[in-house]
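Before any comments, here is the structure.
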Amino acid sequence: MGTIPENLRDAVAKARVDVAALHAELPRWGLVVWTAGNVSQRVRGEAADGSEDLLVIKPSGVTYDELTPESMVVCDLEGTLVDGDRSPSSDTAAHAYVYRHMSDVGGVVHTHSTYATAWAARREPVPCVLTMIADEFGGEIPIGPFALIGDDSIGRGIVETLRESRSPAVLMANHGPFTIGKDARAAVKAAVMVEEVARTVHISRQLGDPVPMATSDVDSLYDRYQNVYGR
Ligand SMILES: O=C(CO)[C@@H](O)[C@@H](O)COP(=O)(O)O
């Protein structure tokens, strides 16, 4: 196990506090059962190519009520443990792959939230039929390829799918949602929103076919929400 470089120790300590707190949002918003979800945040090193970056993620198999800043695990972007008393999340390789290949991404979240995962089981993208989908996802919420856990397959599928979409969420086939953001808080927001819109569209389809929105309207809404809303 390595050590945290002196110049990153304060940033890692803050990320541990932030990531521990953000994990509490997963059960709060009904996105997880037991330990079935994880949040990570990138900690940027001084190297311009990101080679010194680290990630802070939850320890594997620990319930959310037991998570503390001190229990958060630190890894390099190869997924190798740098600091921590427990094994990192079993999805660390996927998070690390995303950070290595999407330099703008500062946070990654994975859940098995019910409605989003139901769409993933059907391998059906969530259509852009709500202004909230246009706002947050900029179009349909895509399906990523089926991939087994244990190597870079899931991470590769996330990156290859999201590179072709404005969406910060991908529904990995037969698995569940992964979301990205400029930081972990943005990725958690996307995880909350993808479950909400997946549920709404599911309910809408019980009584008929939701009506897709015009692309021009989607673009207008996305631009406003991403660049004006909340400023
Ligand atoms: O679904 C899986 C593994 O198949 C994981 O996402 C989930 O169990 C969470 O694992 P971790 O507790 O983060 O290692």
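The values are calculated or read from the model by the stated rules, or taken from the named source; none is laboratory data. Worth saying up front: this structure is predicted, and the values here are computed from it rather than measured. Every residue, glycine among them, receives a Cβ derived from its backbone with ideal geometry; neighbour counts consider all protein chains shown. Heads up: the accessible areas ignore ligands, DNA and RNA and are worked out on the full protein's heavy atoms, side chains in. Shrake-Rupley method; radii C 1.70, N 1.55, O 1.52, S 1.80 Å.
Annotations for the structure displayed:
- Qualifying residue in the range 4-11 (condition: open to solvent by less than 30 Å² (accessible area, probe 1.4 Å) and either free of Cβ contacts under 8 Å to residues at least 24 places away in the same chain or part of a strand (DSSP E or B) (or both)): no
- Qualifying residue in the range 62-78 (condition: under 19 Å from the mean Cα position of the chain (by Cα) and small (Gly, Ala, Ser)): no
- Enumeration of residues in the range 164-221 that are among the aliphatic types (A, V, I, L, M) and within 17 Å of residue 103 (Cα to Cα): 169, 180, 184, 186, 187
- Considering residues of the range 16-42 that are within 15 Å of residue 82 (Cβ to Cβ) and within 16 Å of the chain's Cα centre (by Cα) only, the residue farthest from the ligand (Cβ to nearest atom): 42
- In the set (1) assigned to a helix (DSSP H, G or I); (2) surrounded by 19 or more Cβ atoms within 10 Å (Cβ to Cβ); (3) more than 16 Å from the ligand (Cβ to nearest atom); (4) not aromatic (Phe, Trp, Tyr), the condition left unmet by residue 105 is number (1).
- Residue count, the range 159-191 (criterion: over 10 Å from the mean Cα position of the chain (by Cα) and open to solvent by less than 30 Å² (accessible area, probe 1.4 Å)): 8
- The numbered conditions (1) within 13 Å of the ligand (Cβ to nearest atom); (2) outside any strand (DSSP E or B); (3) without any contact (Cβ under 8 Å) to a residue 40 or more places away in the chain are all true for residue 51 except (1).
- Residue in the range 22-36 that is at pLDDT below 95, surrounded by 13 or more Cβ atoms within 10 Å (Cβ to Cβ) and at positive phi present: no
- Exactly one residue among 94, 116 is small (Gly, Ala, Ser), in contact (Cβ under 8 Å) with a residue 60 or more places away in the chain, open to solvent by less than 20 Å² (accessible area, probe 1.4 Å) and more than 18 Å from residue 184 (Cα to Cα), and that residue is 116.
- Selection status of residue 160, away from the ligand (no atom under 16 Å from the Cβ) and assigned to a loop (DSSP other than H, G, I, E, B): no
- The listed residues are 111, 92, and the only one of them that is under 22 Å from residue 44 (Cα atoms), within 16 Å of the ligand (Cβ to nearest atom) and within 16 Å of the chain's Cα centre (by Cα) turns out to be 92.
- Condition met for residue 100 (away from the ligand (no atom under 16 Å from the Cβ), under 21 Å from residue 170 (Cα atoms) and within 13 Å of the chain's Cα centre (by Cα)): no
- For the residues 61, 50, 79, the requirement of being at pLDDT below 95, surrounded by fewer than 23 Cβ atoms within 10 Å (Cβ to Cβ) and either on the phi > 0 side of the Ramachandran plot or in contact with a His (Cβ under 6 Å, 6 or more places away or on another chain) (or both) singles out 50.
- Residue list for the range 64-76, filter: within 14 Å of the ligand (Cβ to nearest atom) and surrounded by fewer than 19 Cβ atoms within 10 Å (Cβ to Cβ): 64, 65, 66, 71
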